[in-house]
Amino acid sequence: MKITADYHTHTIYSHGKGTIRENVEVALERGLKEIGICDHGPGHYMYGVKREKLFKMRKEVDKLNEEYKDKGIKVLLGVEANIIGYDGTIDVDDDIIDILDILLLGFHYGVLLNSINEYLLLNVLNPVSNIIPLFRDKLIKKNTNAIIKAIEKYPIDIITHPGDKARLDIKRIAEAAYERGIALEINAKHNQLSVENIKIALDTKVDFYINSDAHYPEDVGNVEEGFERAKKANVPINRIKNVED
Ligand SMILES: [Zn+2]
Ligand SMILES: [Zn+2]
């Protein structure tokens, strides 16, 4: 199994360590045909990309595509958007969505939500319930509903590390994602989807991507951990959209 594209990489525009060009160079060395530059959405108060910077990134990506067009690699501009409201609102508006090639969505701590209650729900109750089962079922339902509402509202392509940070009902997420042609990510850096959750998702018709979530250029295309979990869960190769034999 070999990956053909890595759609989840971070740069200095959020809290990655490399430039867009450095990520692209490594992707090229590793023989990838496409790379996604998907920094954290602007709603993350610690390391979200600044909204205005996305317009600059668009120009940078266009220039790189022009420069690299004969080398067989395509650079996509995306965002790893955050849920900022339990009604499914995300931190990327339509003007930004218009300039993106790809849109990722995932739960992250450290995001300012639309209300203090929602802030506490995500940033306090979720981590607590990951340790002790307090309110766990209620939270799973709320988190799952938020993702489903978001994918109904926005043109999401991939749900990143589903079940990491905020627990989810993977079966419901997988079914809703499949209905909208959205894939679930097997993230090499985070242990969700776990083998067990990949198996649950496999019982639906949803497809997968295996991405690095690289925060350093040298990690671009480094998805070994993801491969291992996919193999353990016996994911058929035709269900993973960015790999080949
Ligand atoms: Zn993430
Ligand atoms: Zn990420």
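Only the coordinates and a few stated rules stand behind these numbers; no lab work does. Only a predicted model underlies this, so the values are computations on that prediction, with no experimental measurement involved. Every residue, glycine among them, receives a Cβ derived from its backbone with ideal geometry; neighbour counts consider all protein chains shown.
Ranked by the mean number of other Cβ atoms within 10 Å of their residues, highest first, the peptides 187-199, 230-242 come out as 187-199, 230-242.
Within the range 145-182, which residues have the backbone N less than 12 Å from the label spot 7 Å out from R136 along Cα→beta-carbon, could you tell me? Inside the label zone: 167-168.
For the range 31-110, the list of GluC sites (Glu not before Pro) that fall in a loop by DSSP and count at most 11 other C-beta atoms within 10 angstrom reads E52. Would you list, by chain and number, the lysines whose Cα falls below 19 Å from the Cα of K241, excluding same-chain residues fewer than 8 positions away? Candidates past the 8-residue exclusion: K2, K33, K74, K189, K199, K205, K231, K232. By the rule of a C-alpha distance below 19 Å, with chain neighbours fewer than 8 residues away ignored, the aspartates and glutamates paired with K138 are D87, E118, D164, D169. Relative contact order, whole percent, for the chain stands at 22, derived from Cα pairs under 8 Å and 6 or more residues apart. With the convex hull of the Cα atoms taken as the outline of the chain, the averaged projected area works out to 12.1 nm².
Taking Cα centre as origin and charging only the Cβ of basic (Lys, Arg, +1) and acidic (Asp, Glu, -1) residues, the dipole magnitude of the chain rounds to 580 debye.
In terms of packing, defined here as the mean over residues of other Cβ atoms within 10 angstrom, the peptides 26-33, 134-141 line up highest first as 26-33, 134-141.
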